[in-house]
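Taking it in order: structure first as C-alpha cells, then the write-up.
The values are calculated or read from the model by the stated rules, or taken from the named source; none is laboratory data. Since the structure is predicted, the reported quantities are computational estimates derived from the model, not experimental observations. FYI the Cβ positions are ideal-geometry reconstructions off the backbone, even for glycines, and counts take in every protein chain you see.
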Amino acid sequence: MENILEVNNLCTSFYTYAGEVKAVRDVSFSLKKGDALGIVGESGSGKSVTMMSIMRLLSDNGKITDGTITFSGTNITNLKKSELKAIRGDRIGMIFQDPMTSLNPLLTIGRQLMEPLVVHRKISKAEAENKAIEMLKLVGIPEPERRLKQYPHEFSGGMRQRVMIATALICEPELVIADEPTTALDVTIQAQILELLKDIKEKMNTSIIMITHDLGIVADLCDMINVMYGGTIVERGTKRDIFYNSRHPYTWGLLRSVPNPKNLIKERLKPIEGQPPNLLNPPKGCPFAARCDYAMGVCLEKKPQGFEISDTQVSACWLNHPDAPRIENPLLGRKNNE
Ligand code: SF4
C-alpha cells in the first residue's frame, strides 16, 4: 500500500524569551492510504506540535528547523503558504479539540460548512448547500436543512463536534488529522464520535491521524500507534504490539493509567510520577530517564536508538539492548528479550 504521508527527521522549535524550546526532535513516521494512525502521549510530548508542523499552523515563533514532510508523493515542507492553502481543508482536513472555539459564533453552521467547498471547489451556492446537507446527514445530525441556518450556540457539544467533522470531511480529503477530538465530550458522545470516524474511514477510505493522550481511544480506531514523549517517538508498532507486547516503560506507564474493563492488567491504576523534561534544555540521554523505574547509567548518558523488535515494532529503550539486564514487564509478567 502506498504511503499518503511520510515524515522524516522532523524537528520543530519555538523561539521564546527563555531560549529555544525544541518541541519536536527528530520525528519520523509514515501512514499508508486508508489506515488510521494514533499518536499518543501526555501534554507537552510534542504530538500536537508535530501535526501543526505538518499543517504549517505553528505560531509565529515556531519554526521547522529540519526534516521533510511528504504528502501524497509531494514534498510539502517548504511550500509557500498560498500553495499550502490549496491542500489544507481540501486534501487534508483537520478536526480540532474544542469546537466552540473553532467554530465562528457569528456565522451560521451552513456558511461555515460550505466555506471549504466555495474556496476549494468553486461550486455554486446551491450545490454547496446540497453537499452540506448530505454531510450533516452523514455525521448523524437530524433535520439538516433546518440546522444549516442555526448558529453554533444552538448545538450541543457533541453536535458541534459532529459539525467540525463534517467541515473537515466536506471536500473528501485524503487525510484527516483529529487533534483530541473527544477530550471535551462526555464518554457516551465520545464513543459515538469514534464510531463515526471509524465508519467514515471505511466508507470514504480516508486516512486518519488521531492525536490523543488516551490509549483507550486509539484501541478501537487505529491500525498503528506512535507513542511520543519529550518531543520524540519512544515506541511505535501495531495496536497489538503496543497493547500486548510493549517494550518501553513509558508505554507501560500509559497502559497502567487506562481503566481496563477486561481486567487484562491486574493492578490498580497507577499515575506516572514526575514531570516531563524541560525542552529548553532536553536531556542528552533518554528523555524518560528522570521518571523511569528502570533507568540505568547508560540511560542518562546516551539517547537510546530505536531497537527493532519486529517488522512492525520499534522501541527506543536501552532495556531492548541484548546486554541489558532482564527485568519483568509489569503488564505481562514476562522478561525483556524473551
Ligand atoms: Fe527507562 Fe532507560 Fe528505557 Fe529510558 S532507556 S525508558 S530510562 S530503561
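Among helices (runs of 4 or more DSSP H) lying entirely in segment 229-338, which contain 1 or more residues that are surrounded by fewer than 19 Cβ atoms within 10 Å (Cβ to Cβ) and at pLDDT 85 or above?
239-244, 297-301
Does Pro173 meet the test of being under 29 Å from Leu37 (Cβ atoms) and either assigned to a loop (DSSP other than H, G, I, E, B) or of a type in the set (D, E, K, R) (or both)?
yes
Kindly evaluate Thr182 against the criterion of being in a loop (DSSP other than H, G, I, E, B) and within 19 Å of Phe96 (Cα to Cα).
Considered against the rule, which asks whether it is in a loop (DSSP other than H, G, I, E, B) and within 19 Å of Phe96 (Cα to Cα), Thr182 comes out as yes.
Which pairs do you get when a residue that is farther than 22 Å from Asp26 by Cβ and touching a residue at least 24 places away in the same chain (Cβ under 8 Å), found in segment 269-290, comes within reach of a residue that is basic (Lys, Arg) and within 12 Å of the ligand (Cβ to nearest atom), reach meaning Cβ atoms under 9 angstrom, with the pair 6+ apart or on two chains?
These pairs meet every condition: Ile272/Arg291.
If I go through segment 140-151 residue by residue, how many of them are part of a helix (DSSP H, G or I) and either more than 12 Å from Leu113 (Cβ to Cβ) or of a type in the set (Phe, Trp, Tyr) (or both)?
Looking only at that region, the number is 2.
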